[in-house]
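The values are calculated or read from the model by the stated rules, or taken from the named source; none is laboratory data. Since this is a predicted model, take the numbers as computed values, not measurements. For neighbour counting, all protein chains shown are included, and Cβ atoms are generated from backbone atoms with ideal geometry for every residue, glycine included. Note: accessible area is taken over every heavy atom of the protein model, side chains too, but ligands, DNA and RNA are not part of it. Shrake-Rupley method; radii C 1.70, N 1.55, O 1.52, S 1.80 Å.
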Amino acid sequence: MKKDRILVTGGTGYIGSHTVVELQKAGYPVVIIDNLSNSNRDVLDGIERISGTRPDFVEADCTDIDALRKLFADYPGIKGIINFAASKAVGESVQKPLLYYRNNLNTLMNLLDLMGPNGVKGIVFSSSCTVYGEPDENPVTEKSPIKKATSPYGNTKQISEEIITDVINSGAPFKSVILRYFNPVGAHPSAEIGELPNGVPQNLVPYLTQAAMGIRNELSVFGNDYNTPDGSCIRDYINVVDLAKAHVLAVERMLDDASEEKIEIFNLGTGLGTSVLELIGAFERSTGVKVPHKIVGRREGDIEKVWADPTIANTVLGWKAESSLDETMRSAWAWQCKLRERGIM
Ligand code: UFG
């Protein structure tokens, strides 16, 4: 049976591109909208090389409601939306809060506005474990308290969750699945797509692979005096392809009306906490490549430790993180090597 068309906003980005591949593998026709502010057109070639299908692509900004209206007119029959389009650099959000509030919130509100009139059944929203702040207890469940956001970026995720909830509670004729990602890392095993940070990477794994490649002198480990077994911070690193697969299940759940609930929230993580030093060890062990690194002071605003209880995603969504950390590190390295081969990095 022919499947319904899915709109993926931010579909040429890191998590978006991996999700487009999985949607196409599951038989969904996809239209991407992306303003290419943090990605580029070549990603479409990578997606096509993996899946054999080139997704439809509209270069436009989701804060432009007229562009979105045109998209719905040009691509009829969109039944689901996955909203990745957002600015996501924590530090930059502190410097440019209005950019973050404008991009992230206007995008979401435009989409919510247009869903009803266009007969869209549901929206999957990319949220983050950042909503839990520094948790009182680990692992965190979906019922763990939401803590005051420590950056405008984090605040946009909290406010977005509230906007979705209010709109749906007002009787809007659609559903939503809110996915709270832990730390997405790695790349597609084909090394055709992966993360391509702009400038100096702010996140651990892209910095680590660039340091291993010699593009950066050494990785700075931000603090070894935390209250953790080796003193470095602990996160739940989730393979990006595993993460992408959860989106397909979320879309299916909304389109099949598999649940009575109009809003559902799922933590997407492995359930395992890994420290920064352990992650470096896993990378070195699995690739045989050394990571030059040094311990430096703490980074302001960092959470000491957070990892997921993914039980609800496991049991209700039927999703489980499958890749090992070693496999994921190998995929991150293969992607870095591919970037070098292509002369990009
Ligand atoms: N880290 C280093 N050195 C680096 C970069 C990071 O030691 O050069 C450490 C951090 O201190 C932290 C861990 O690696 O302990 C992970 O840091 P990331 O920056 O990769 O990710 P965060 O856990 O800080 O997550 C933040 C936000 C998320 C957001 C994510 C991606 O909390 O909501 O960045 O932007 F999704």
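Candidates are the residues of the range 212-230 that are within 7 Å of the ligand (Cβ to nearest atom) and not hydrophobic (A, V, I, L, M, F, W, C); the one that is least open to solvent (accessible area, probe 1.4 Å) is Gly223.
Selection over the range 279-300 of residues that are open to solvent by 60 Å² or more (accessible area, probe 1.4 Å) and more than 21 Å from Tyr132 (Cβ to Cβ) gives a count of 6. Assessment of the range 188-211 against the conditions (away from the ligand (no atom under 12 Å from the Cβ), within 17 Å of the chain's Cα centre (by Cα), farther than 30 Å from Glu142 by Cβ and not polar (S, T, N, Q)) yields at least one matching residue. Pull up the range 35-63, narrow it to residues that are of a type in the set (D, E, K, R) and farther than 24 Å from Met115 by Cα, then point me to the one that is most open to solvent (accessible area, probe 1.4 Å). Among them, the one singled out is Arg49. Meeting the requirement of 1 or more residues that are within 11 Å of the ligand (Cβ to nearest atom), open to solvent by less than 50 Å² (accessible area, probe 1.4 Å) and of a type in the set (Gly, Ala, Ser), the helices (runs of 4 or more DSSP H) wholly within the range 83-155 are 90-95. Looking across the range 158-198, just one residue is free of Cβ contacts under 8 Å to residues at least 40 places away in the same chain and closer than 21 Å to Val240 by Cα, and that is Pro197. Residues that are more than 22 Å from Glu327 (Cα to Cα) and of a type in the set (A, V, I, L, M) within the range 177-220 comprise Val177, Ile178, Leu179, Val200, Ile215, listed in sequence order. Within the span defined as the range 249-266, every residue fails to be of a type in the set (Asp, Glu), in contact (Cβ under 8 Å) with a residue 24 or more places away in the chain, open to solvent by less than 40 Å² (accessible area, probe 1.4 Å) and within 16 Å of the ligand (Cβ to nearest atom). Scanning the range 18-67 for residues that are within 23 Å of Asn239 (Cβ to Cβ) and small (Gly, Ala, Ser) turns up Ala26, Gly27, Ser39, Gly46, Ser51, Gly52. For the criterion of being aliphatic (A, V, I, L, M), touching a residue at least 12 places away in the same chain (Cβ under 8 Å) and more than 19 Å from Ile193 (Cβ to Cβ), Ile33 fails.
Restricting attention to the range 162-177, the residues being closer than 18 Å to Asn103 by Cα and surrounded by fewer than 21 Cβ atoms within 10 Å (Cβ to Cβ) number 2.
If you go through the range 1-21 and pick out every residue that is hydrophobic (A, V, I, L, M, F, W, C) and open to solvent by 10 Å² or more (accessible area, probe 1.4 Å), you end up with 2. Considered as a group, the residues in the range 304-321 that are among the β-branched types (Val, Ile, Thr) and either modelled with pLDDT under 95 or open to solvent by 60 Å² or more (accessible area, probe 1.4 Å) (or both) include one that is farthest from Glu252 (Cα to Cα), and that residue is Thr311. Just so you know, in the range 267-304 the residues that are among the polar types (S, T, N, Q) and within 12 Å of the ligand (Cβ to nearest atom) include one that is farthest from Lys121 (Cα to Cα), and it is Ser275. For the range 175-187, a tally of residues being within 15 Å of the ligand (Cβ to nearest atom) and in a strand (DSSP E or B) returns 7.
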